[in-house]
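What follows is a single structure, written as structure tokens, with notes after it.
The values are calculated or read from the model by the stated rules, or taken from the named source; none is laboratory data. No experiment lies behind these values; they were computed from the predicted model shown. Please note that ligands, DNA and RNA were not included when accessible areas were found on the heavy atoms of the full protein model with its side chains. Shrake-Rupley method; radii C 1.70, N 1.55, O 1.52, S 1.80 Å.
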Amino acid sequence: MSSGSDESGPIPDIAANLAAVKEKVSAAAVANGRDEGAVTLVAVGKTFFAPRLEPAILAGQRVFGENRVQESEEKWPALKEAHPDIVLHLIGPLQRNKVKKAVALFDVIETVDREKLARAIANEIQSSGRDVSVFLQVNTGAEPQKAGVLPDEIDDFVQTCQQDLGLKVRGLMCIPPINEEPALHFGLLRELARRNGLTELSMGMSGDFETAIRFGATHVRVGSAIFGERKKAPAA
Ligand SMILES: *Cc1c(COP(=O)(O)O)cnc(C)c1O
């Protein structure tokens with residue numbers, strides 16, 4: 001297999017990085033009064049190809065996140081065939097013309113943020129028979145350029161997705177603004193989920209996953225702390 005745009009530098013000790021992150025995740029959960037296994041680590045493999053992903057799979061990691069459908073199609077079908085228990089999360093923006101491909105490949109779509117997209121996903125789940133669940137993405141900082149439903153629109157959107165479209169809504173997901181205290185956004189996401197009766201929260205990345213767990217994250221999305229720094233890529 002071609003290594004595509006994979007890093008050319010030395011490959012870090014991925015098994016050791018993974019073990020260290022898992023340890024911190026469990027410790028943060030326990031410190032927060034939760035079970036050691038209460039938080040799911042979503043290992044974010046974007047920009048990396050099989051040679052860098054396989055050490056994590058061999059070390060027992062099974063839940064992975066990716067932000068692009070096309071890149072994922074180049075690497076995950078073969079890895080999923082070899083390890084059918086892999087669970088793949090889409091954590092990047094989804095265009096409607098890629099919904100069919102996304103529903104075929106991903107098990108969880110974390111970036112549902114508008115009704116037309118939600119409807120297209122629901123229709124595709126129906127016609128394909130695939131078992132795909134979703135998180136609804138909230139633009140907690142109301143940033144104009146960022147994806148996600150605004151906080152004051154989330155209650156209606158949860159209703160639409162659950163009642164009208166029959167989507168399996170697991171919970172909410174957010175990406176806090178880069179230059180703000182993430183805790184404020186994690187706390188807001190937790191409150192929005194609570195008042196909608198949703199129990200799962202996807203929040204926290206390499207730099208702030210322990211804070212996110214303190215605020216109740218059930219899923220943390222960690223890339224660079226496991227796989228190493230990514231080459232600067234054009235904006236997603
Ligand atoms: C890349 C990415 C991550 C992981 O970021 P790191 O800082 O490398 O841990 C998490 N969530 C989303 C939505 C991402 O695009």
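Applying the Karplus relation 6.51 cos²θ - 1.76 cosθ + 1.60 with θ = phi - 60° to the stretch 192-209 yields 3J(HN,Hα) values of 5, 5, 4, 6, 9, x, 9, 9, 10, 9, 9, 7, x, 10, 3, x, 9, 5 Hz, where x marks Gly and Pro. 3J(HN,Hα) couplings calculated from phi for the stretch 121-134 with the Karplus curve 6.51 cos²θ - 1.76 cosθ + 1.60 (θ = phi - 60°) are, in sequence order, 5, 4, 4, 5, 5, 4, 6, 8, x, 6, 9, 10, 10, 9 Hz; Gly and Pro show x.
For the chain, carbon and sulfur atoms together expose 49% of the accessible surface, with a 1.4 angstrom probe and every protein chain in place. Under a 5 Å amide H cut-off, with hydrogens placed 1.01 Å from N, V87 pairs with V63, F64 among residues at least 5 apart or on other chains. For K101, the aspartates and glutamates whose Cα comes closer than 17 Å to its Cα, not counting residues fewer than 8 places off in the same chain, are E66, E71, E73, E74, E81, E110, E124, D131. Accessible surface calculations at 1.4 Å, restricted to protein heavy atoms, place the stretch 102-236 at 46 Å² per residue. Rg of the Cα atoms in the stretch 40-177, relative to 2.2 N^0.38 Å, amounts to 1.05.
Which value, in nm² and rounded to one decimal, describes the direction-averaged projected area of the C-alpha convex hull of the stretch 172-236? If you can, show how the numbers build up before the last one.
Numbers: hull surface 19.2 nm².
For the Cα atoms of the stretch 172-236, the hull's average projected area reads 4.8 nm².
Ligands, DNA and RNA excluded, the heavy atoms of H83 present near 50 Å² of accessible surface to a 1.4 Å solvent probe.
Normalising the average separation of contacting C-alpha pairs (under 8 angstrom, six or more residues apart) by the number of residues puts the relative contact order of the chain at 20 percent.
Based on DSSP, what percent of beta bridges with both residues in the stretch 68-172 are antiparallel, to the nearest 5? Present the calculation step by step, with values, prior to reporting the outcome.
On the way: 0 of 9 bridges.
Expressed as a percentage, antiparallel bridges in the stretch 68-172 total about 0.
Along its first, second and third principal axes, ordered by size, the chain spans 48, 42, 33 Å in Cα coordinates.
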